[in-house]
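Enquirer: Quick one: the structure is below, questions incoming.
Read the figures in this text as sums done on the coordinates, not as results from a lab. All figures in this text were calculated on a predicted structure; none of them were measured in a lab. Here the Cβ is made from the backbone with ideal geometry for all residues, glycine too, and neighbour counts use every protein chain on show.
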Amino acid sequence: MDPAETALATLAPVFPPLPSAVIPPRGRVLALDWGERRIGLALSDELQILATPLDTLVRRTGKRFPMPAFLAHVQKHQPVGLLVGLPLTLQGGEEASAVAARDLGRLVGIRTGLPVEYWDERLSTARALGAIREVGGSTRGRREEVDALAASVLLQHWLEARRETRR
């Protein structure tokens, strides 16, 4: 083994390889709708046809992502991949929130060993709010539900786009 290979071998336990970025076409997908305080979660069915709101994780100000709660969902639902919403600007650019979402994606990918994909989440919360109002619902005091619904809007959009590209 040459010195470079030896150096890489010693780093391998510290830095595990990044998982594949391709989510398999069958099995549940867990989506994360990133926010500074709340992270909405949604889950697909096994056939990747329908997205359902799952939960909202709350991060206290100045605290880290609630990894134990997230890993409990991963353990319980056994997803085959993770979809992270990317909060792009209206012009399609990436600012600090998109960088933070990508950092979160890398973190959860490493911790779970699951493939991670990113999807434009622009207006997912606005669509979720619109859906609630459309059926005559109120969003007052339901922030956590709105965030989980926004994650399901994000995931449903990804599922539909993915089906279209497979045709």
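Enquirer: May I ask you to derive the FRET efficiency for GLU164 and ASP120 from their Cβ-Cβ distance with R0 = 22 Å, giving the value to the nearest 0.05?
Expert: 0.90
Enquirer: Provide the FRET efficiency to the nearest 0.05 for the GLU95-ILE49 pair, computing r from the beta carbons and using R0 = 30 Å.
Expert: Once the sixth-power term is evaluated, E becomes 0.35.
Enquirer: Based on other C-beta atoms within 10 Å, arrange ILE110, ILE39, ILE23, ILE49 from fewest to most.
Expert: Ranked by crowding around the Cβ, least crowded first: ILE49, ILE110, ILE23, ILE39.
Enquirer: Moving to a separate point now. Grab the other residues whose beta carbon is less than 11 angstrom from that of ARG59, score K and R as +1, D and E as -1, and report the net.
Expert: For residues surrounding ARG59, the net value is +4.
Enquirer: OK, next. May I ask you to derive the FRET efficiency for ARG26 and ASP103 from their Cβ-Cβ distance with R0 = 30 Å, giving the value to the nearest 0.05?
Expert: FRET efficiency, ARG26 to ASP103: 0.55.
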